[in-house]
1. Please check: in the Gaussian network model of the chain (C-alpha springs, under 10 Å), which one of L102, L61, L132 has the largest mean-square fluctuation.
2. Pick out which of G187, G156, G173 has the largest mean-square fluctuation in a Gaussian network model of the chain, springs linking Cα atoms closer than 10 Å.
3. Sum up the charges of everything whose Cβ sits under 10 Å from the Cβ of D29, counting Lys and Arg as +1 and Asp and Glu as -1, but leave D29 out.
4. In Å and whole numbers, how far do the C-alpha atoms of the stretch 55-189 stretch along each principal axis, longest first?
5. Step through the residues of the stretch 119-127 one at a time and calculate ³J(HN,Hα) from phi using the Karplus curve (6.51 cos²θ - 1.76 cosθ + 1.60, θ = phi - 60°), rounding each to whole Hz and writing x for Gly and Pro.
6. Rg and Dmax of the chain, Cα atoms, in Å?
7. Would you mind getting me the FRET efficiency between R229 and A195? Use the beta-carbon distance for r and R0 = 35 Å, nearest 0.05.
8. Using a Förster radius of 41 Å, what is the FRET efficiency between N26 and T106 based on their Cβ-Cβ separation? Nearest 0.05, please.
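The values are calculated or read from the model by the stated rules, or taken from the named source; none is laboratory data. Keep in mind it's a predicted model, so treat the numbers as computed, not measured. Backbone-built Cβ (ideal geometry, glycine too); neighbour counts: all protein chains shown. Side chains included, ligands, DNA and RNA excluded: accessible areas come from the protein's heavy atoms. Shrake-Rupley method; radii C 1.70, N 1.55, O 1.52, S 1.80 Å.
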Amino acid sequence: MAKAKRLCAALFLASTLAGCATSGGNPADPLEPLNRVVFSFNDTADKAVIKPVARAYRAVLPGIVRTGVSNFFSNLEDIWISVNDVLQGKFQQGVESFTRVLFNSTFGVAGVFDFASDVGLQKHNEDFGQTLGWWGVGSGAYLVLPILGPSTIRDGFGLLLDTRADLVFYIDGVPVHNSLYGTRAIGNRANLLDASSIIDQAALDKYAFVRDAWLQRRRNLVYDGNPPREREDPDDEPTK
């Protein structure tokens, strides 16, 4: 609860600052000076702690074990994904996502094996930030959150509900609770080791590269891969 309150306060402050800020190189990023500071902090923490731990995780655990861990958490996520499917009017996807949970929780041994994908049930990617976007809520300013990374004002508020809907949040026992959070975070980071190495080598401005790539991907997710044309001129009307 305290974590959620701190995130809510940070988002409120960021939205206030965004209203007062002037646009820099990217109009979606009026908070760029602040975001670059947070991005630098995250990058330093990643290089000093998170990335080495993720490398050790990948080196110690066999691939089949890492896949099982990822599948377990992915199965938990499918429950909330199915709810967001329905909230977006995607009822067939909602049924598919919930069926994935039933199949993987039983035949997949508590989600360790992705049995549902093997039988043709596609994995979907929906969260409450995407639901808000589907409802017509604008993304607001781009925002880099401490440790959590790229977001927007809208998606940050969506993250508050995503956190409360996370089943791991309700597991009793602080050590178990925190261990599961940590394992999931390190597993996710281990899966991105190769991609982050490419970014480090290729990007002249790592901050701008990550921001632009993240915003484009996020826009595609909200519009299911078919976003409307962005306005290049104030007099242009976006196409539907």
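1. Between L102, L61, L132, it is L61 that shows the largest mean-square fluctuation.
2. G173
3. 0
4. For the stretch 55-189, the Cα extents along the three principal axes come out at 42, 36, 28 Å.
5. 9, x, 8, 6, 7, 9, 10, 9, 9
6. When restricted to the Cα atoms of the chain, Rg and Dmax are 19.0, 57 Å.
7. Numbers: r = 28 Å, r/R0 = 0.80.
The calculated FRET efficiency here is 0.80.
8. Working: r = 47 Å, r/R0 = 1.14.
For N26 and T106, the calculated efficiency is 0.30.
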